[in-house]
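Worksheet: one structure, shown below.
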Amino acid sequence: MDLVQILGVFLASALGAGTFLKFSAEKVIEAGLQKALHKERLLTEADLEFRKRQIEEFYGPIYASLKLNSKIYPLWLQGKLEEVNQDIITLFKSHNDEIIEILKTKAHLMDGGEFPPEFIEFMTSATIWGMYCTRADQPYLPEPVASLDQVKWPQAFENHIFVKTEALKKTLDDLLVKYRAK
């Protein structure tokens with residue numbers, strides 16, 4: 001074998017090895033990318049499901065009750081619904097009870113690691129209001145009770161729920177667009 005043949009064999013072997021190494025490197029990179037994309041998809045799906053549950057089971061029902069009450073409450077205070085006064089009180093009480101039940105049983109769906117103080121303020125206010133206003137003979141808060149800070153409507157709770165629900169809805173919409181785009 002002469003020098004040219006030896007160089008030819010060497011070059012052919014080097015090219016073959018180079019091609020093999022290039023192919024192997026491409027496959028390793030492709031596998032890594034596929035793994036990363038799969039992980040991102042799983043995380044996106046998990047986040048999507050969690051956000052859906054937050055809206056369906058926690059924030060959404062509370063939001064809907066508060067929005068309904070916010071339209072009825074001023075009419076009730078103005079005395080425009082006197083004929084159905086007891087029904088209105090019953091509606092408010094049932095909404096408050098439902099919200100308290102959600103806060104107690106679905107707390108794992110709320111954002112953040114701590115129970116917000118406005119949630120406790122709502123539960124306190126709603127409980128005391130319900131004890132007084134559902135009495136058949138005296139469905140109202142006596143002035144000394146009505147003036148207590150713990151009984152006053154916690155506007156911060158309502159604001160928290162409205163802001164958080166609307167932000168979650170936007171996040172969910174963004175995740176749905178992202179998830180469908182894949």
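The values are calculated or read from the model by the stated rules, or taken from the named source; none is laboratory data. What you see is a predicted model, and the numbers here were worked out from it, not measured in a lab. Glycine also receives a Cβ, built like all others from the backbone with ideal geometry; neighbour counts cover every protein chain displayed. Calculation scope for accessible area: heavy atoms of the full protein, side chains included, ligands and nucleic acids excluded. Shrake-Rupley method; radii C 1.70, N 1.55, O 1.52, S 1.80 Å.
For the reader, a short list of remarks on this structure follows.
- Among the residues making up the stretch 28-65, a single one is open to solvent by 100 Å² or more (accessible area, probe 1.4 Å) and under 21 Å from Ile102 (Cα atoms): Glu56.
- Number of the exception - Tyr63 against (1) in contact with a helix residue (DSSP H, G or I) (Cβ under 6 Å, 6 or more places away or on another chain); (2) over 30 Å from Lys164 (Cβ atoms): (2)
- Residue in the stretch 113-147 that is modelled with the lowest pLDDT, counting only those that are open to solvent by 80 Å² or more (accessible area, probe 1.4 Å) and more than 25 Å from the chain's Cα centre (by Cα): Ala136
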